[in-house]
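Chemist: Here it is, the structure in full.
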Number of protein chains: 2
Amino acid sequence: MAEQAIPTPGTADRDAGAVRARSPRSATSGARRPATIYDVAQAAGVSHQTVSRYLKGFEGIRPETRAKVERALTDLEYRPNLTARSLTTGRSRRIGALTHDIDKYGPSKILGSASAAARDAGYVLDVVALDTGDMDSIAQALSMIAEHDVEAILALSSTDEMTKAFAQIDFRVPALIATEPDEPARVASQFATVGMPALVGHLASLGHRRILHLAGPSQWSAARNRTRALENAATEQGLAVVRTIEGDWSAQSGHAAVSGLAALEATAIVSANDQMALGAILALSERGLSVPDDVSVTGIDDIPDAAFYLPPLTTLRMDLTGRGRAAVRELIGRIDGSEAHEPRAVQSELIVRRSTGPAPR
Amino acid sequence: MAEQAIPTPGTADRDAGAVRARSPRSATSGARRPATIYDVAQAAGVSHQTVSRYLKGFEGIRPETRAKVERALTDLEYRPNLTARSLTTGRSRRIGALTHDIDKYGPSKILGSASAAARDAGYVLDVVALDTGDMDSIAQALSMIAEHDVEAILALSSTDEMTKAFAQIDFRVPALIATEPDEPARVASQFATVGMPALVGHLASLGHRRILHLAGPSQWSAARNRTRALENAATEQGLAVVRTIEGDWSAQSGHAAVSGLAALEATAIVSANDQMALGAILALSERGLSVPDDVSVTGIDDIPDAAFYLPPLTTLRMDLTGRGRAAVRELIGRIDGSEAHEPRAVQSELIVRRSTGPAPR
DNA sequence: AGGTCCGGTGTTACCGGCAACATCGGGCGA
DNA sequence: TCGCCCGATGTTGCCGGTAACACCGGACCT
């Protein structure tokens, strides 16, 4: 408290007034630490707070002060340290993402679009992969994510365990499952009211009346939604789902399902995704049945490969990209407090290709 | 400095000795902040440093002190704050991951295994998706990642731009491209010396002599390695690569390449990945050619779907899972200073299915 | 018996930002 | 002309940990 700092610039020994002594940092030294606002402040001959104010875009800074700060910032190649900032602000600009089956088309597509949306908003996704879907590993992954101080939590796959975990854990931050939640009967999604009926109508118009359904794993809400939508649409249009076989989304499971059948009691196979449809087509061909002459096959998703199956697959295109983006936007909206719950619409569109044809008589 | 803190537990006014005054935290209040080591210390009647020591597994703590700390930790549901920790230690337990085409099989598979390996080592992957591969967006993404104080940087796709960016940017942290780097002729990878020769040998034994090559995009080092390995193996075994067409890894591009051909001058098509092979098979069928009776087709990767193509695809299985894991392990090794440069072997294995057969006479 | 060492803990400083408050000089009104 | 207000900037404290050092009492040594 002896003497006050003299604000005259250019004073030779002004370093003595520095609040914190720091080891000098020679510009020539090779592996120097990144510059902090204190380094910048010292170089510019101002206080660190002036630098901080400049960085936050504070207007009331005198032009010459501003110029000195700008110069020092570029000279020292200053980069903000998000860790330090988030310690005080609590804003880490990170969103935790949790998923298994990340190498599958759906989750990876959603992850890609979610990550892009996050990036555009200045956020980064902290991804933790799950090997198994059980509660223990989910809880463990969530606690890992929580330690990283994320501002929101996103799940990319919506199994029952995931849903349960999200329901019973208090995250203290916004949390969301990116894939479709269970759709109660009263919720009229575009998929259930337009997409699936269009697919079923397409089959009906070709004369099909009996459908074999290859369902996704029943612990996935997406699988349940698809099955329910199919059953509803079939009932309404007078078609019968004569049999439902549960697969695991893989071509392998679609193949096994159709191969294991004693008799094919249907003229059309509606698969809950494209890849099980691929397996089904192979199995049909191995049974000596032709697609679409003997049996029509449809998928859901319209993955890029589906247009190049043999035959190219009639399918329901789902807007996965939109879903990942919408999920991230909603989370960021909730973080910022703007409770803009835009009802992310699940868009779907019927894509007719050569895997469907007139029902055999 | 008036009086020393009396270490007697149970003293009524011991709060007065607290180093930092904190707003009291009622256990009943709903949205209370997470407990810190100071809260735990106060509850246990010890100093925060004792708590910190306990958390680090320091041995020399008296059993009764230890018990008090443990009790307070569980009572308050203490969770460490990684942000605060990493501010001092510089260890964020985060690895930055950079990728485009995250929805493609290769990158997403590698990402999944990398993320699992990271998780097992206590790390989280900070993923930033790239829309385009140009230097600007790479640089921007890298600077985003850098602000998040990652301990290492991983790229999941190895285009030329990525390679260049990695070569010219000083990351200050270990950095690695997870996919294959360019393999100089002298580097004898298992893929180049065993895998690809086995594939070519398989075709040779079936009587094929003229090969059409569907290459990957030439700015990908993986594509160049595959093309070079094919050319070398073909030369050694007396086969001719009569034509090379560059695709973009997609079935679409494989289809376009074969459709656009005036005449097929070869009896076998070697595609740089499975999906281009899928497109090629469809194009062949549209030309009235049968696989494998008229033309044999092979892929590389052995994606799960490849076994269910029509016909099931003969391909070279690549160990993508191992690659992601190996990359993360090497990075963590470098972080920890243990310079264990285990030469991550690119394992490959010939999988013969029904898309290859005897060459037509 | 006094000094020394040492195990067990407490205290202080620091990481790099942000927020609140303090300070200083000049313009302006009374 | 003096006090007040205000704009520009400096100072201090804090976020939640870790690291270095200080301190205290008892065992051991001479």
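The values are calculated or read from the model by the stated rules, or taken from the named source; none is laboratory data. What you are looking at is a predicted structure, and each value in this text was computed from that prediction instead of being measured. Note: ideal-geometry Cβ built from the backbone for every residue, glycine included; neighbour counts use all protein chains shown. For accessibility, only protein heavy atoms count, side chains too; no ligands or nucleic acids. Shrake-Rupley method; radii C 1.70, N 1.55, O 1.52, S 1.80 Å.
Chemist: Which one of B:Asp293, B:Asp305 is farther than 30 Å from B:Gly122 by Cα and away from chain A (no Cβ under 12 Å)?
Modeler: Values: B:Asp305 fails: away from chain A (no Cβ under 12 Å).
Step by step, each of B:Asp293, B:Asp305 is checked, and only B:Asp293 is farther than 30 Å from B:Gly122 by Cα and away from chain A (no Cβ under 12 Å).
Chemist: Pick from A:Arg243, A:Arg224: which is at pLDDT below 95 and either away from every other protein chain (no Cβ under 14 Å) or over 22 Å from A:Ser285 (Cα atoms) (or both)?
Modeler: Residue meeting the stated conditions: A:Arg224.
Chemist: Among the listed residues A:Asp136, A:Asp120, A:Asp131, which satisfies the condition of being within 7 Å of chain B (Cβ to nearest Cβ) and on the phi < 0 side of the Ramachandran plot? Step through it out loud before you land on a result.
Modeler: Numbers: A:Asp136 fails: within 7 Å of chain B (Cβ to nearest Cβ); A:Asp120 fails: within 7 Å of chain B (Cβ to nearest Cβ).
After applying the criteria, what remains is A:Asp131.
Chemist: Let me ask something additional. Can you tell me which residue within the stretch B:63-79, out of those that are under 35 Å from the mean Cα position of the chain (by Cα) and open to solvent by 60 Å² or more (accessible area, probe 1.4 Å), is nearest to DNA strand C (Cβ to nearest atom)? Full working, then the answer.
Modeler: Here is the first cut: in the stretch B:63-79, the residues under 35 Å from the mean Cα position of the chain (by Cα) are B:77-79.
The next check asks that each one be open to solvent by 60 Å² or more (accessible area, probe 1.4 Å); those that pass are B:77, B:79.
On the way: B:Glu77: 21, B:Arg79: 18 Å.
For the stretch B:63-79, the residue satisfying everything is B:Arg79.
Chemist: Still on this structure, please answer the following. Which of the residues that make up the stretch B:312-338 are farther than 23 Å from B:Gly112 by Cα and open to solvent by 20 Å² or more (accessible area, probe 1.4 Å)? Lay out the reasoning, then the answer.
Modeler: Residues of the stretch B:312-338 that are farther than 23 Å from B:Gly112 by Cα, as a first pass: B:312-314, B:337-338.
Passing the criteria: B:Gly337, B:Ser338.
Chemist: Every residue in the stretch A:45-62 that is near DNA strand C (Cβ under 9 Å from one of its atoms) and part of a loop (DSSP other than H, G, I, E, B), please. Let's see the steps before the verdict.
Modeler: In the first step, residues of the stretch A:45-62 are kept if they are near DNA strand C (Cβ under 9 Å from one of its atoms); the result is A:47-49, A:51-53, A:55-56.
A:Ser47, A:Lys56, listed by residue number.
Chemist: Among the listed residues A:Thr321, A:Thr356, identify the single one that is in contact (Cβ under 8 Å) with a residue 40 or more places away in the chain and away from every other protein chain (no Cβ under 14 Å). Walk me through it before giving the result.
Modeler: Details: A:Thr321 fails: away from every other protein chain (no Cβ under 14 Å).
Answer to the check: A:Thr356.
Chemist: Inside the stretch B:54-79, can you point out the residues that are within 10 Å of DNA strand D (Cβ to nearest atom) and either within 14 Å of chain A (Cβ to nearest Cβ) or in contact with a Gly (Cβ under 8 Å, 6 or more places away or on another chain) (or both)?
Modeler: Hits for the stretch B:54-79 are B:Leu55, B:Tyr78, B:Arg79.
Chemist: OK, next. Filter the stretch A:80-104 for residues that are more than 9 Å from chain B (Cβ to nearest Cβ) and open to solvent by less than 10 Å² (accessible area, probe 1.4 Å); which is farthest from DNA strand C (Cβ to nearest atom)?
Modeler: Looking at the filtered set, the residue picked out is A:Leu98.
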